[in-house]
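Novice: Would you mind keeping the following structure in view while I ask a few things?
Here, each number is a calculation from the coordinates, and none is a lab measurement. The shown structure was predicted, so the numbers you read here are calculated from the model rather than taken from an experiment. Backbone-built Cβ (ideal geometry, glycine too); neighbour counts: all protein chains shown.
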Amino acid sequence: MERRIKIDKRNIVYVILFIIGVFGTVRGQAQEIDPVYSGIRDMTWQKLFRIDYEIIEDYDEFGDLTVPVFSEDVKGMEGMEIVLTGYIFPFENAISSTHLMFTALPVNACFFCGVGGPESVVEVFMTEQVDYTQGMISISGELELNDTNPEQMMYILNKGKIIE
């Protein structure tokens, strides 16, 4: 017994329009997302983002170590007071701290979540306790470059203060 499926032409049109609508929406959303999000458009961050890396083979019992190679612009900033605008990334769910991470990217798009790189995060030692906030803030401090201690971030901001 042969079964025939009767297809109404209007239903085909509806299915085609649905498929176009779904794929058009997905395609439109994909175009709005910047796959290489570089964070806040700030000249200091832009300088910090320009970095190369070098591999030291057989560094220790764990293997190779990738170390930063700082640009001349960034080397010239070492020891200077700089101002960065970005977001607090708290340690271990801390709500207030003098030691924190600071990133050019919102917490949901930061280096640890796979979007940015380690150059988009600065380790900060504040002069006073700072309460965590999800909003964008500005911090000033003295820039220290770290290319020797793998236990710390490559950029460290000492004597950090909130800029109001």
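Novice: What distance in nm separates the simple spin-label points at Q152 and T127, each placed 7 Å from Cα in the Cβ direction?
Specialist: Using points 7 Å along Cα→Cβ, the separation is 1.9 nm.
Novice: May I ask you to list the chymotrypsin sites (Phe, Trp or Tyr not before Pro) in the range 73-106 that are in a DSSP loop and have at most 12 other Cβ atoms within 10 Å of their Cβ? Don't skip to the answer; put the middle values down first.
Specialist: Details: sites: Y87, F91, F102; in loops: F91.
Listed in order of number, the matching sites are F91.
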